[in-house]
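> Could you have a look at this structure, given as structure tokens, before my questions?
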Amino acid sequence: MEKVRNKEKGSVVMNIKSLAKKIEYFDNCYRKGEAKISDAEYDSLYNELKKRNPNHPIFGKSMKLLSLDNYCFSEWWADKARNETMIVQPKFDGCALGLRYQSGTLVADFTRSGKDVTEAARTVCNLPVELPEDGIAVSEEPLEIRGELYASNLSRTKSQALAAGHLRRKNPTGAGLSFVAYEILGSTADEIEDIKRLESWFFEIPPTNRTADPKQVTRWHKEWIAGELFENLTTDGIVVKVASGATKQKLGVTSKCPNWALAMKD
């Protein structure tokens with residue numbers, strides 16, 4: 001009987017290893033823009049591994065920085081955000097970064113492609129390397145924050161080029177670059193609460209408007225197109241989010257984008 005149990009155990013371990021390899025393969029394909037399976041199929045694999053082994057090393061590697069959908073706002077509002085308070089922020093144009101802190105110290109920094117750029121991130125003058133000693137910031141559990149590395153007072157193209165070039169350099173200096181934080185990954189709190197928390201940790205945060213009126217969101221979008229909203233920032237659109245943490249949890253995410261947020265561009 002003991003031998004049978006050992007064989008069965010070995011079979012489960014091999015299944016988990018195979019599952020993890022599949023997830024890594026499909027994730028790498030997606031990051032390269034060469035998706036091999038649907039969002040639903042990827043989510044099924046990911047959730048199965050999470051169920052079998054929630055502490056698998058694959059979950060401690062590079063964090064996944066989701067994109068934003070950009071379909072029709074009125075459809076998104078009717079389907080996802082009706083009767084909800086929404087917040088509107090600038091969509092910064094640079095390079096998305098995910099920061100990981102352990103016990104209040106920056107330990108890793110990833111690009112959307114999964115590249116570790118921790119040393120380059122440490123040279124950006126307004127990016128905190130140590131967080132203040134409050135309960136959440138110094139927890140032994142990893143704290144992950146998403147934001148954008150960008151160049152202020154530059155065109156969109158130049159902002160992206162400067163940020164991307166900085167992350168590729170062997171000896172980066174951080175000159176001309178800033179980091180703006182706008183999401184605590186995995187948080188169940190309301191958006192405004194998270195923004196205030198990020199500010200208390202000395203991150204630069206985005207200007208944030210709030211409304212429950214979809215017509216106001218449309219007006220703000222028109223103002224952005226006319227160069228009258230967030231005009232002093234390097235942006236390529238605005239971001240609309242559901243403000244409620246409970247609603248965000250209910251709406252959830254796909255393997256590509258959150259259902260509770262939308263990008264509105266030109």
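The values are calculated or read from the model by the stated rules, or taken from the named source; none is laboratory data. Every value quoted in this text rests on a predicted model; they were computed, and no experiment measured them. Because the Cβ atoms are built from the backbone with ideal geometry, glycine has one as well, and the counts that use them run over all protein chains shown. When the accessible area is computed, the model is the full protein with side chains, heavy atoms only, and any ligands, DNA or RNA have been set aside. Shrake-Rupley method; radii C 1.70, N 1.55, O 1.52, S 1.80 Å.
> So which residues in segment 102-153 are in a loop (DSSP other than H, G, I, E, B) and small (Gly, Ala, Ser), if there are any at all?
103, 104, 113, 114, 135, 137, 139, 151, 152
> Those residues that are surrounded by fewer than 19 Cβ atoms within 10 Å (Cβ to Cβ) and polar (S, T, N, Q), I need them from segment 248-266; list them, please.
Listed by number, the residues that qualify are 249, 254, 259.
> Something else now. Go through segment 157-194 and report how many residues are without any contact (Cβ under 8 Å) to a residue 40 or more places away in the chain and out of contact with any Gly (no Cβ under 9 Å at 6 or more places or on another chain).
Within segment 157-194, residues that are without any contact (Cβ under 8 Å) to a residue 40 or more places away in the chain and out of contact with any Gly (no Cβ under 9 Å at 6 or more places or on another chain) number 9.
> Where residues in segment 249-266 are charged (D, E, K, R) and in a loop (DSSP other than H, G, I, E, B), which of them is modelled with the highest pLDDT? Quick ask: steps written out before the conclusion?
Filtering segment 249-266 down to residues charged (D, E, K, R) leaves 250, 256, 265-266.
Next cut, in a loop (DSSP other than H, G, I, E, B) only: 256, 265-266.
Working: 256: 85, 265: 95, 266: 90.
Among those residues, the one meeting the criterion is 265.
> Let me ask something additional. For segment 171-217, which residues satisfy the criterion of being surrounded by 13 or more Cβ atoms within 10 Å (Cβ to Cβ), over 21 Å from the mean Cα position of the chain (by Cα) and not in a loop (DSSP other than H, G, I, E, B)?
211, 214, 216, 217
> Do we have any residue at all in segment 79-101 that's in a helix (DSSP H, G or I) and free of Cβ contacts under 8 Å to residues at least 12 places away in the same chain?
Looking for residues that are in a helix (DSSP H, G or I) and free of Cβ contacts under 8 Å to residues at least 12 places away in the same chain, one finds at least one in segment 79-101, hence yes.
> Another question, then. So if I check each of 127, 143, which one is over 12 Å from residue 95 (Cα atoms), open to solvent by less than 20 Å² (accessible area, probe 1.4 Å), at pLDDT below 95 and of a type in the set (A, V, I, L, M)?
On inspection, the qualifying residue turns out to be 143.
> Let me ask you something else. Pull up segment 60-78, narrow it to residues that are surrounded by fewer than 16 Cβ atoms within 10 Å (Cβ to Cβ) and in a helix (DSSP H, G or I), then point me to the one that is nearest to the chain's Cα centre (by Cα).
Top of the filtered list is 60.
> Filter segment 230-246 down to the residues that are within 21 Å of residue 85 (Cβ to Cβ) and open to solvent by 20 Å² or more (accessible area, probe 1.4 Å), then identify the one that is farthest from the chain's Cα centre (by Cα).
Filtering first and then ranking leaves 230.
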